[in-house]
Each structure stands twice: as C-alpha cells, then as structure tokens.
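Student: Please find one structure pasted underneath; my questions will follow.
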Amino acid sequence: MGNTYCLMGGCIDQASVGVVERWGRFEHIAEPGCHFFNPLAGQWLAGVLSTRINSLDVKIETKTKDNVFVQLVCSIQYRVVKASADDAFYELQNPREQIQAYVFDVVRALVPMMTLDALFEQKGEVAKSVLEELEKVMGAYGYSIEHILMVDILPDPSVRKAMNEINAAQRLQLASVYKGEAEKILQVKRAEAEAEAKYLGGVGVARQRQAITDGLRENIMNFSSKVEGTSAKEVMDLIMITQYFDTMRDLGNSSKNTTVFLPHGPGHVRDISDQIRNGLMEASSAQVSDV
C-alpha cells in the first residue's frame, strides 16, 4: 500500500515520514498514519520520504600503484535519518549522485597508492575509508550510511590471465620439487635394497660353498677310511668325475637344454678336477684365516 494524500489530508505508510509545510515554509515532520491539513492556513504535505535502507551499487574504474587498471564494485547501504528528514528533503536534490561522487573521490585517491596484491588483501580498509568519508559528509544532509561492501575487484582480463599463468607456473614448480624429492627417496631406497640383496646373496653363496666344502671333506674322509690304500687326491678325482658325468646326463635329459661345448676327455676332466680342488682349498684357507 502506497502513501496517499490530498489537499485536505493524507495517509503516510509505515517506514516513511512526511514533510509538512505552511505557506511554503517547513513546519514539522509527519509520522506514519493519517493526517489532516488546513489548506486555508496554508498547510499542506510537501512530500514523503522513505526511511527504509536503500542500496546503491557504484562501479569505479581506476589504476593501482603498479599500473594495473581495475574496476571496483562498491555496494552502499544508506537510509534517511527520521530526525533529520527535513535536511534530506531540502538539502539534496539527488542523493544517489552525491554518494556516488564521494565514493569516486575516495577510491580514486586511495587505490593508486596500493599495488594490486595489496588491494585484494586490504579491500576492507578501502571500504572503511569510504564509509568514514560518507558518514562525515552525508550525515550533514540527513542520511545515515549503514554499510559499505567492496563487492568485487576486477582487473583487466589480460592481467587476470597473466596472474593465473603465474600461479599455475608456481604450482608446477612446487610439484616438480615434490616429484624430484620423491624420486630421490625411491632411488635411495632402491639402492639400499639392492645393496642389502647383494650382501645377502654373497652370504648365501659363501654358505653354499662352505656346505659343498664340508660335504666333500666328509665324503673324502669316509671313503678313505673304508677303502684302504686310497689317497685324498684319488678320492677327489673320483668325485669330480662322477659329478661331471652326472652333469652331462642332466643336460642331455633336460627338455629345455642349451648346447654347451665343453672339452671332453680324461685329461680335461683331470684339469677340471684340479681347478675345483684348488678353489675349494682356497676357500677353506680363507675361512681358517677369518677365524
């Protein structure tokens, strides 16, 4: 329901006030409700002002300290002070333009002293400065500034694209550092595992050779004790020849064999046995020296 009034009276809605004049001069503020006027005495309702909160969005284009053009969107919420409604009615013809002009003045004086990064970080300080200036100026005209919000900061599209590329490059660089550290850790762990495997493999080979040496020694001692007139060398040659023929038989019986060329003959078998015997003796002597 809107405000209704005529020459003899009027009805003023809630959240509104009326300005009553007598012979063209301000007389009093009319509160919400029905009012009667005496036109014969020159009394009439000059106008009605809303005391609701109004919102005004102001777009300001300016330049930062680092020469970046930005567009700021500032939202101002203001209202008419009921006690000073006569000042709001008579002093300002267009309050929205007045507010917009002061916002332009404050923002364009403050933002050029800040870099783009500082502007994003301190946009609340910019809004606070605008609020202080508007409260000081508009309060004299019967208006109260309720809130000021710096809604958006829009740099030039090319600047936004460059900022995104810089951010992406920094993140890629950080990802590369983390990836390099991860690869370094994997290589170190892989090297440690390989060294441990080689160590354990060496221990296994040493134990295997020791077991072979112990087994051969035991066989030689048993054979020599049971067959009189045999020497350890003869027993060793016999064992080597036996193992040699067993190996040849296994190679022949294997379904996935590979052709192996070996010197064959009694003399060559003797050479092989000498080489094996010498190797076993060296292993035994090395073990004794370690003990």
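The values are calculated or read from the model by the stated rules, or taken from the named source; none is laboratory data. Note that the coordinates shown come from a computational prediction; the quantities given were computed from them, not determined experimentally. Glycine also receives a Cβ, built like all others from the backbone with ideal geometry; neighbour counts cover every protein chain displayed. Keep in mind that these areas ignore ligands, DNA and RNA; they rest on the heavy atoms of the full protein, side chains included. Shrake-Rupley method; radii C 1.70, N 1.55, O 1.52, S 1.80 Å.
Student: Please compute, for the alpha-carbon atoms of region 9-50, the extent along each of the three principal axes and give them in descending order in Å.
Tutor: That gives 28, 16, 11 Å along the principal axes, largest extent first.
Student: Express in Å², to the nearest 10, the accessible area of TYR178 obtained by rolling a 1.4 Å probe over the protein heavy atoms while all chains stay in place.
Tutor: 150 Å²
Student: Calculate I(q)/I(0) for region 54-155 by the Debye formula, one identical point scatterer on each C-alpha and no solvent, and give its log10 at q = 0.20 Å⁻¹ to two decimals.
Tutor: Rounded to two decimals, the profile gives -0.91.
Student: Would you mind putting 193-205, 125-137 in packing order, based on average other-beta-carbon counts within 10 Å, highest first?
Tutor: Highest-to-lowest ranking by the protection proxy: 125-137, 193-205.
Student: Read phi for every residue in region 31-38 and hand back ³J(HN,Hα) as whole Hz from Karplus 6.51 cos²θ - 1.76 cosθ + 1.60, θ = phi - 60°, with x for Gly and Pro.
Tutor: Using θ = phi - 60°, the values come out as 6, x, x, 8, 9, 10, 10, 10 Hz.
Student: How many percent of the accessible area of region 54-155 is carbon or sulfur, using a 1.4 Å probe?
Tutor: Details: 2440 of 5410 Å².
Result for region 54-155: 45 percent of the exposed heavy-atom area is carbon or sulfur.
Student: If you don't mind, there's one more thing I want to ask. Under a plain spin-label model, where a point goes 7 Å from the Cα along Cα-to-Cβ, how far apart in nm are ASP117 and GLU97?
Tutor: With each label placed 7 Å out from Cα toward Cβ, I get 4.2 nm.
Student: Another one. Under Stokes-Einstein, with the Kirkwood radius over Cα pairs standing in for Rh, what whole-number D in µm²/s applies to region 8-112 at 37 °C and 0.692 mPa s?
Tutor: Working: Rh = 16.2 Å.
Once the numbers are plugged in, D ends up at 202 µm²/s.
Student: For each pair in LYS82/LYS136; LYS63/LYS128; LYS82/LYS123; LYS128/LYS161, compute the distance between the two Cα atoms and list the pairs where it is over 25 Å.
Tutor: LYS82/LYS123; LYS128/LYS161
Student: Check which residues have an amide H placed less than 5 Å from ASP152's amide H, if you skip close sequence neighbours.
Tutor: VAL73
Student: Still on this structure, I have one more. Karplus couplings for region 133-140 from phi (6.51 cos²θ - 1.76 cosθ + 1.60, θ = phi - 60°), rounded to Hz, Gly and Pro as x?
Tutor: Couplings: 5, 5, 4, 5, 7, 6, x, 6 Hz.
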